[in-house]
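Participant: Below is the structure I would like to discuss, written out as structure tokens.
The values are calculated or read from the model by the stated rules, or taken from the named source; none is laboratory data. All values derive from a computational prediction rather than experimental measurement. Neighbour counts are summed over all protein chains in view; Cβ atoms, including those assigned to glycine, are modelled from backbone coordinates with ideal geometry.
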Amino acid sequence: MKHRHGNRGTTGQGGMGVGRWAATTGFGAALFVAVAAGAGDAQLAPHRAAYSLGLGSAKIGDIATVEGAMAIDWQETCDGWTMTQRMRFRVFDSDGEAMDNDVSFSSWEAHDGLSYRFTLRTTRNGEVAEQLRGRASLDGRGKGGKAVFAEPEGEVIELPPGTLFPAEHTLLLIKLATAGERGISKPVFDGATLDGAMEINAVMGAPLKVEAGANAQIAAALLAGPSWRVRMAFFRTDDQRGSEPEYETSMRLFENGVGTEFLFDYSEFSIKAKLERLETMPRPRC
């Protein structure tokens, strides 16, 4: 049995950051819905959302454009939350050559924030680039735990004390933003890479004004409450203070857990996600 402590980099997915896209989209679970336990009066909304993907900026290299789509389906169960996510996008270089990427991620997280299951499959130009599957558990709130992978078989990652799973982390961000807090740093495990828990430094802005005029394909009621700009920098847990983050993500986060205006920012380029469709999903009868 192999044991790891979150110090391994992403298993080489190519120069354009496909592996890190998997990491970001997996952590995307944390950016949309949080469990209600400990959330006070918050009413967090199961929902289904669709986004168009495009190039934010190309900082270096020969990336010319990005086009694609992302779909996320959040459901509440009697014992937790389930999420399925699909991203399909093409990255074009300056010669017009394209790389096709397809990322599928699914997870379940217990309402108490202590148990988690995950599955990831990434293909590039029709070939399987990475498959991950497993479960993780914490020994209690504020304590550490471990993640045990079925794919790759025998992979075990120790999770440090204070680790959160994605939904619990989002809950914390919403709770702190509502209280007027502006920043927090926590280790978070999502199962989207073999890096283990990532240290996430989150900065929340001031409350934003409600904007009217959502189109007919967007449930306006889901975007009617308070929201904040949130920017998160992702560090490997073995990084030294002052090092550069692996990547960064910014978004507009609503108090019900809905996320819009995403920007996934890497050293070479950034990708933006624009909300195109949004609908409410029913809650379970337990």
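Participant: How many residues, within segment 65-79, are more than 17 Å from F264 (Cα to Cα) and surrounded by fewer than 20 Cβ atoms within 10 Å (Cβ to Cβ)?
Facilitator: Within segment 65-79, residues that are more than 17 Å from F264 (Cα to Cα) and surrounded by fewer than 20 Cβ atoms within 10 Å (Cβ to Cβ) number 5.
Participant: Something else now. Out of segment 153-187, which residues are β-branched (V, I, T) and either buried (at least 24 other Cβ atoms within 10 Å of the Cβ) or within 16 Å of the chain's Cα centre (by Cα) (or both)?
Facilitator: Once the filter is applied, which keeps residues that are β-branched (V, I, T) and either buried (at least 24 other Cβ atoms within 10 Å of the Cβ) or within 16 Å of the chain's Cα centre (by Cα) (or both), segment 153-187 yields I157, T163, T170, I174.
Participant: Only one of (1) under 17 Å from the mean Cα position of the chain (by Cα); (2) surrounded by 17 or more Cβ atoms within 10 Å (Cβ to Cβ) fails for R133. Which number is that?
Facilitator: Of everything listed in (1) under 17 Å from the mean Cα position of the chain (by Cα); (2) surrounded by 17 or more Cβ atoms within 10 Å (Cβ to Cβ), R133 misses just condition (2).
Participant: Okay, next question. Give me the pairs, please: first residue somewhere in segment 80-108 and touching a residue at least 12 places away in the same chain (Cβ under 8 Å), second residue anywhere and assigned to a strand (DSSP E or B) and of a type in the set (F, W, Y), beta-carbon distance under 6 Å, and either six or more positions apart or on two chains.
Facilitator: As it stands, the answer is G80/W108; T82/W108; M83/W74; Q85/F105; N101/F89; S107/F118, since those pairs meet every condition given.
Participant: Name the residue, out of D195, D190, that is at pLDDT 90 or above, crowded, with 23+ Cβ neighbours inside 10 Å and assigned to a loop (DSSP other than H, G, I, E, B).
Facilitator: Only one candidate passes the filter, namely D190.
Participant: OK, next. If we keep just the residues of segment 237-286 that are of a type in the set (G, A, S), in contact with a strand residue (DSSP E or B) (Cβ under 9 Å, 6 or more places away or on another chain) and outside any strand (DSSP E or B), which is surrounded by the fewest Cβ atoms within 10 Å (Cβ to Cβ)?
Facilitator: If we take residues in segment 237-286 being of a type in the set (G, A, S), in contact with a strand residue (DSSP E or B) (Cβ under 9 Å, 6 or more places away or on another chain) and outside any strand (DSSP E or B), then S243 is surrounded by the fewest Cβ atoms within 10 Å (Cβ to Cβ).
Participant: Of all residues being touching a strand residue (DSSP E or B) at 6+ places or on another chain (Cβ under 7 Å), among the small types (G, A, S) and not in a loop (DSSP other than H, G, I, E, B) in segment 207-233, which is surrounded by the fewest Cβ atoms within 10 Å (Cβ to Cβ)? Just the residue, please.
Facilitator: A233
Participant: Oh, and also: Quick one: in segment 214-239, which of the residues that are within 11 Å of E199 (Cα to Cα) and of a type outside the set (A, V, I, L, M) is modelled with the lowest pLDDT?
Facilitator: D239
Participant: Now, a different point. Within segment 144-189, how many residues are touching a Lys or Arg at 6+ places or on another chain (Cβ under 7 Å) and free of Cβ contacts under 8 Å to residues at least 12 places away in the same chain?
Facilitator: So the count comes out to 0.
Participant: Pull out all pairs, ordered by first then second residue, where Cβ-Cβ is under 6 Å, the residues are six or more apart or on different chains, the first lies in segment 113-126 and is buried (at least 22 other Cβ atoms within 10 Å of the Cβ), and the second is among the polar types (S, T, N, Q).
Facilitator: F118/S107
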